[in-house]
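Inspection log for the structure reproduced underneath, given as structure tokens.
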């Protein structure tokens, strides 16, 4: 499941970035993709960070020139690398 989310995230990031390469049409597609992107992030990560990621993904797609940001991949890294690492440090009693 963990790597399935990564694969889906990479696919969704590619869809979001594809609109960047189509002059004129790309910005119109971003208007349609923005709510879909935000919704997909909240479904893939149903906790508080997923809701925050959904808002960020939505805004990232609406703001012109930000399509290159891999929001889904960054969310996966946050969930499975960063958050996991900080939880392990807290369990060991180390300060972050």
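FYI, it's all coordinate maths here, none of it is from the lab. Predicted model, so just to flag it, every value in this text is computed and none were measured.
Residue 43 to residue 78: extension gain in nm, 0.36 nm per residue of separation minus the Cα-Cα distance?
Separation in residues times 0.36 nm, less the Cα-Cα distance, equals 11.0 nm.
Among 36, 81, 55, which one shows the biggest mean-square fluctuation in a GNM of the chain, springs joining Cα atoms closer than 10 Å?
81
Considering Cα pairs under 8 angstrom that are at least six residues apart, work out the relative contact order of the chain and quote it in whole percent.
28
Can you tell me which of 65, 26, 57 moves the most in a GNM of the chain? Springs connect C-alpha atoms under 10 Å apart.
65
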